[in-house]
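A.B. asks: One structure is given below, represented as structure tokens, and several questions about it will come after.
The values are calculated or read from the model by the stated rules, or taken from the named source; none is laboratory data. Please read all numbers here as calculations on a predicted model, not as lab measurements. Neighbour counts run over all protein chains shown; Cβ positions are idealised from the backbone, glycine included. Please note that ligands, DNA and RNA were not included when accessible areas were found on the heavy atoms of the full protein model with its side chains. Shrake-Rupley method; radii C 1.70, N 1.55, O 1.52, S 1.80 Å.
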Amino acid sequence: MTPATLPVRADLFSVFILLGFVQGLILAYFFLSHSGGDKRPNLFLGGLILGMSVLLGDVWLGYTNYMFRVLWLVDFSEPINLLLAPLAFLYIKISITQREEKANWLHLLPAIIYFLYMCVLIYPQGNAYKYNCNISAYHPEMEMMVSSRYGSDWMFFLKDRITDLTALSMVMYNLAGLYFLGNAFKKERLSFFTREKSALSWYRNFHLELTALVIIYLIVRLSFPHDLGDHIIAAFIAFIIYATSFTVLRRSLFFQDNNVRSARKYEKSSLTQEIRFTTLKKLDDLMNSEKVFLDPGFSLPMLAKRLGISTHHLSQILNEELGQSFFDFVANYRINEAQKLLRDEGSNFIKIEEIAQMVGYNSKSAFNTSFRKLTGYTPSEFKKNAVK
């Protein structure tokens, strides 16, 4: 019996998924090529995006019926199902802790074992077997070919349970990531859904996108028999890739002339990595423990003197390590402190002007301008919302 083929299907889903596949490959290359040194977490994010792209390619082939022309590729991407959730978790964990442990790689072991299992039992199977796998997934109404497969029935247990294993992996790692992020926000004394600008905001938003993917995956798997709903899952994966690309583009140095000028300004600096590290630790202690920014006369030379470093080097550290000018750096601390006071019911009797002075502002207008710039609200609006 000759394997049947079907006409190629071209619709909005097929185009959206194909463009997501191409965009994902470009984005994965970007992250993987920028994964050295302190950008090591990009290795995991690049691997995650690459894995997503490969899955998009697999789904696109099945959805458009191109898979009938390349039967040897049927189910080629299945091991990646067990790879994505651990990579997402490791990316967030290592990015926040800045610590990479050898034990982290054990999270990838299930995917590696499943890949070896596929290499031994599934990939070498004949085209007739793979043809039947393809139509059972996407066209269960079609007649299967008479075929034989090598291996006993019990050997196919893992293959038959890959959907359940994938769901289990996604749910477990998503909950682990949520728990880890929740603790990270608590350490920063921030609400998980805070609107304040924080280094954790990107990881939270990215994790929420992945949470939505888990929910969509579970709904589709419960709603559709076989793999008939894969194009819906793939479309959302493509959306995540598009959203990540947009964020990367928005943060690109191409649109940040100040950063380029800053790099040139400090091109001949004698600042060492050791001085950077030591200064950042002292800086964190001064700002969070002693709250030196509450002094209205607080200045760059004053801070540099307390840190035992030149104003030039301190300015360079703020620009290159934190991506902020001195004034923006101080404003963040002062406005965060003001938000705490405005939320505190015990401070209800304190006027806005007094709070401005308490956090280091001599001018109410300067306080209002900085507050609105960082929070999107005026101090009065923020206080009303906090009371609600």
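A.B. asks: For segment 279-306, give me each residue that is in a helix (DSSP H, G or I), under 21 Å from Ile355 (Cα atoms) and touching a residue at least 24 places away in the same chain (Cβ under 8 Å).
C.D. replies: Matches in segment 279-306: Met287, Phe293, Leu294.
A.B. asks: Would you check which residues across segment 132-155 are within 17 Å of Cys119 (Cβ to Cβ) and surrounded by fewer than 14 Cβ atoms within 10 Å (Cβ to Cβ) and list them?
C.D. replies: Residues satisfying the conditions are Tyr150, Gly151.
A.B. asks: What is the residue count in segment 92-131 for residues that are open to solvent by less than 10 Å² (accessible area, probe 1.4 Å), closer than 21 Å to Ala167 by Cβ and in a helix (DSSP H, G or I)?
C.D. replies: 4
A.B. asks: State yes or no: is Leu175 farther than 25 Å from Phe246 by Cβ and over 16 Å from the mean Cα position of the chain (by Cα)?
C.D. replies: no
A.B. asks: Give me the pairs, please: first residue somewhere in segment 225-236 and open to solvent by 30 Å² or more (accessible area, probe 1.4 Å), second residue anywhere and in a loop (DSSP other than H, G, I, E, B), beta-carbon distance under 6 Å, and either six or more positions apart or on two chains.
C.D. replies: His226/Pro140
A.B. asks: In addition: Only one of these conditions is not met by Trp105: (1) on the phi > 0 side of the Ramachandran plot; (2) free of Cβ contacts under 8 Å to residues at least 60 places away in the same chain. Which number is it?
C.D. replies: Only one criterion in (1) on the phi > 0 side of the Ramachandran plot; (2) free of Cβ contacts under 8 Å to residues at least 60 places away in the same chain is unmet by Trp105, namely (1).
A.B. asks: Of everything in segment 4-29 that's open to solvent by less than 90 Å² (accessible area, probe 1.4 Å), in a loop (DSSP other than H, G, I, E, B) and not aliphatic (A, V, I, L, M), which residue is farthest from Pro140 (Cα to Cα)?
C.D. replies: Looking at the filtered set, the residue picked out is Asp11.
A.B. asks: Right, something else. Of the residues Ile350, Ile309, Ile335, only one is among the hydrophobic types (A, V, I, L, M, F, W, C), crowded, with 19+ Cβ neighbours inside 10 Å and outside any helix (DSSP H, G or I); which?
C.D. replies: None of the other options fit; the residue is Ile309.
A.B. asks: I've got another one for you. Which of the residues belonging to segment 95-148 are over 36 Å from the mean Cα position of the chain (by Cα) and hydrophobic (A, V, I, L, M, F, W, C)?
C.D. replies: Selection gives Ala128, Met142, Met144, Met145, Val146.
A.B. asks: Checking Ile113 against (1) at pLDDT 95 or above; (2) within 28 Å of Ile26 (Cβ to Cβ), only one condition comes out false. Which one?
C.D. replies: So Ile113 meets the others, but not (2).
A.B. asks: If you don't mind, another one. It is to be established whether one or more residues within segment 179-196 are open to solvent by 40 Å² or more (accessible area, probe 1.4 Å), of a type in the set (Lys, Arg) and in a loop (DSSP other than H, G, I, E, B).
C.D. replies: Looking through segment 179-196, at least one residue is open to solvent by 40 Å² or more (accessible area, probe 1.4 Å), of a type in the set (Lys, Arg) and in a loop (DSSP other than H, G, I, E, B).
A.B. asks: Is there any pair linking a residue in segment 68-94 that is at negative phi to one that is surrounded by fewer than 24 Cβ atoms within 10 Å (Cβ to Cβ) and acidic (Asp, Glu), with Cβ under 7 Å and at least six apart or on different chains, and which?
C.D. replies: Filtered contacts from segment 68-94: Phe76/Asp58; Ser77/Asp58; Ile94/Glu100.
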